[in-house]
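Take a look at the structure below.
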């Protein structure tokens, strides 16, 4: 069991992300690894729940109930990982713009690049030890990135309340759903105390598809990624041309026009 740092001895609550991901390769060992001295703060200590495995300074992962991965980046060492996860989204939007040029996609790219720049210029530093055992700190985050019928979806939310101190905090959420050169995105950035943010995006279209849910709480970011497209007429997923379809019955009826 981890011991909370003194500045987080207040009550912490959090939701758990539930969605597929395809991100950094996991270590062979299944047992959690303790953080190094350079990265002493764990996701659990920030209110993100238990079961996290240490990958490298600033980067953690854990499996959900069905074995899918989520990732958490913490503190100064974690910020490059959080930025890299958004750079992946930037590449998806660039590819969408090449495949299907549109003002909407250009605007999505501008928005995301501003988002990344803001993250790069806002250091993640842990607050000083100035709390009281009678105050309350509530941090919550949830997200999903998953295939849906003939497409993909993503959603993310985050909230923060601190009665220990009146300092304002900024939360950010981002969701993208992308299929066959078309992308839908939504982002939220709010500052306050209490404060909350949420984003969601859904799309249907031909393979290949992709979706990502991403949220930032004070000093950390968490994300999940999905690379699967849902079957059009029943259970199953397909990842794109040349990739074996899993339990995907033929398309037809109202869905036929958007199935490959």
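Can you figure out the FRET efficiency of residue 168 with residue 100, using R₀ = 45 Å and their beta-carbon distance, to the nearest 0.05?
0.70
What's the exposure ranking of 110, 222, going from fewest to most Cβ atoms within 10 Å?
Ordered by Cβ neighbours within 10 Å, fewest first: 110, 222.
For residue 117 and residue 202, what is the calculated FRET efficiency with R₀ set at 25 Å and r taken between the beta-carbons, to the nearest 0.05?
Step by step, r from the Cβ atoms, then E = 0.40.
At a 10 Å Cβ-Cβ cut-off, how would you order 203, 83, 74, fewest neighbours first?
Placing the least packed residue first, the sequence is 83, 203, 74.
Could you state, as a whole-number percent, how many of the C-alpha pairs of region 44-184 are farther apart than 19 Å?
Counting every Cα pair in region 44-184, those more than 19 Å apart make up 62 percent.
Compute the distance from the alpha-carbon center of region 171-232 to that of region 88-120, in whole Å.
Each part's Cα centre sits 13 Å from the other's.
Would you list 103, 118 from fewest to most Cβ contacts within 10 Å?
Final ranking by Cβ density, sparse to dense: 103, 118.
At a Förster distance of 45 Å, what's the computed FRET efficiency of residue 135 paired with residue 63, Cβ-Cβ distance as r, to 0.05?
After rounding to 0.05, the efficiency reads 0.85.
Read the figures in this text as sums done on the coordinates, not as results from a lab. Remember, predicted model here, so these are calculated numbers, not experimental data. Neighbour counts are summed over all protein chains in view; Cβ atoms, including those assigned to glycine, are modelled from backbone coordinates with ideal geometry.
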